[in-house]
Amino acid sequence: AVKGRDSELTYEALDRLSSRLAQGILERTGTSEGRVALLLNHGATVIAAIVGVLKTGKAYVPLDPSYPLERLEYMLDVAEPEMILADRENEDLAERLGDRVKVLWTVDARDAGPSAADPELDVSPDALAFLLFTSGSTGKPKAFAHTHRNVLAETMNYTNGAHICE
């Protein structure tokens with residue numbers, strides 16, 4: 001399902017890891033709507049984390065670890081996430097940013113552990129799926145909200161336009 005430079009996940013492994021992450025997020029933050037900041041290097045873990053957050057009905061906020069600390073702090077102040085989910089390589093950076101969130105959690109695809117069941121949650125199509133920030137080239141970065149409905153419509157438009165089918 002996902003193949004990166006350093007790791008890969010089968011569909012089964014992606015589902016297992018994303019479900020484990022979803023259960024961990026829910027255990028740490030509860031079932032209320034909220035945001036989860038992802039401070040992860042590119043690779044299979046970030047895809048599993050995105051899917052895991054979406055399974056919880058919460059929204060993800062991607063943070064690029066290469067950004068300056070001041071920009072990351074600003075993004076966290078605007079997004080107001082409940083937690084930062086980081087990988088081992090970014091654990092120190094997450095701790096420096098940790099005073100802006102309630103929960104820090106460091107994960108790694110290699111320690112996925114036993115599979116977890118998918119959360120049994122109903123997520124509204126109008127629920128927030130993710131926040132993306134502009135480059136900030138004209139001043140401060142601005143956050144743009146995307147709902148599940150937006151994501152599904154964009155995916156449908158893309159697959160239809162590219163004539164992708166079974």
With runs of 4+ DSSP H residues as the only contributors, calculate the mean residue ellipticity of the chain at 222 nm using -39,500 (n - 2.57) per run, divided by the residue total and rounded to the nearest 500.
-12000 deg cm²/dmol
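What net charge do the residues around Glu82 carry, taking every other residue with its C-beta under 15 Å from that of Glu82, with Lys and Arg at +1 and Asp and Glu at -1?
My count for the surroundings of Glu82 gives 0.
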Let's test this: bin the Cα-Cα distances of the chain at 10 Å from zero up to the farthest pair and state each bin's percent.
10, 37, 38, 14, 1
Label-to-label distance, nm, for residues given as Glu33 and Lys3 (7 Å Cα→Cβ offset):
3.9
At a Cα cut-off below 18 Å, give the aspartates and glutamates reachable from Lys142, other chains included and same-chain residues fewer than 8 away excluded.
Asp64, Glu70, Glu73, Asp77, Glu80
Before anything else, pin down the relative contact order of the chain: Cα pairs under 8 Å, at least 6 apart, normalised by residue count, whole percent.
23
Nearest-5 percent of antiparallel DSSP beta bridges in the chain?
30
Excluding ligands and nucleic acids, what accessible area in Å² is computed for Thr45 using a 1.4 Å probe, to the nearest 10?
20
Restrict the search to the range 59-146; then list the trypsin sites (Lys or Arg not before Pro) that DSSP places in a loop and that have at most 15 other Cβ atoms within 10 Å of their Cβ.
Lys102, Lys142
Taking the Cα centre as origin and putting +1 on Lys and Arg beta-carbons and -1 on Asp and Glu beta-carbons, what dipole magnitude results for the chain, to the nearest 20 debye?
280
Cross-link partners of Lys102 among lysines (Cα-Cα below 19 Å; sequence separation of 8 or more within a chain)
Lys58
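The values are calculated or read from the model by the stated rules, or taken from the named source; none is laboratory data. Predicted model, so just to flag it, every value in this text is computed and none were measured. So basically every Cβ, Gly included, is an ideal-geometry build from the backbone, and we count neighbours across all protein chains shown. We work out accessible area using only protein heavy atoms, side chains counted, and drop any ligands, DNA or RNA first. Shrake-Rupley method; radii C 1.70, N 1.55, O 1.52, S 1.80 Å.
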